[in-house]
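Here the structure is laid out as structure tokens; the discussion comes afterwards.
Rule-based calculations on the coordinates, nothing more; no lab input. Every value quoted in this text rests on a predicted model; they were computed, and no experiment measured them. Cβ sites come from the backbone with ideal geometry, for glycine too, and all protein chains shown count toward neighbours.
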Amino acid sequence: MCFIFYCIFVEENSVNLDTREVDIIQEFARGGESAFRVLYDRYAVALRYFAAKYLNEDTMIDDVVQDAFVDLWEKRADFRGEYAVKAYLYKAVRNDCLNLMRHQQVEDKYARRVVMEGEDSESFLDPLIITQI
């Protein structure tokens, strides 16, 4: 008897959960801020941990996650299910993190080149300064 009740309870609640998820996505697609808040609360913390695997600055992590949700909001009409929303958020965070890492590598490479050039040669201003002295 208990087992039958449990099966019925689980089945009814899983149907309600699926219906609620569809309702959230539909409301979100119509611009519902409360639905957006539900999605944000559901995924923001996990996305921060995910971004922290790539980046180690908290401000950059927060910016990446915030950008992903801003992009999600702008494209809200394109999503038909919560799995698509989740996949989009994780992919957006990953891509943004990788882009930031590539950009940091370029900055580091440039900084090393400037330092090496500074050690090896005179500054173009050195002759001008000497003539002024």
- Query: Quick one: if you stick a label point 7 Å off each Cα along the C-beta vector at Asp63 and Asn95, how many nm between them?
  - Reply: 1.9
- Item | Integer Hz, Karplus 6.51/-1.76/1.60 couplings in order for segment 78-90, x for Gly and Pro | 7, 9, 10, x, 5, 4, 5, 5, 4, 4, 4, 4, 5
- Mind checking the full-extension length gain between Asn56 and His103? Use 0.36 nm per residue of separation minus the Cα-Cα distance, one decimal, nm. 15.5 nm
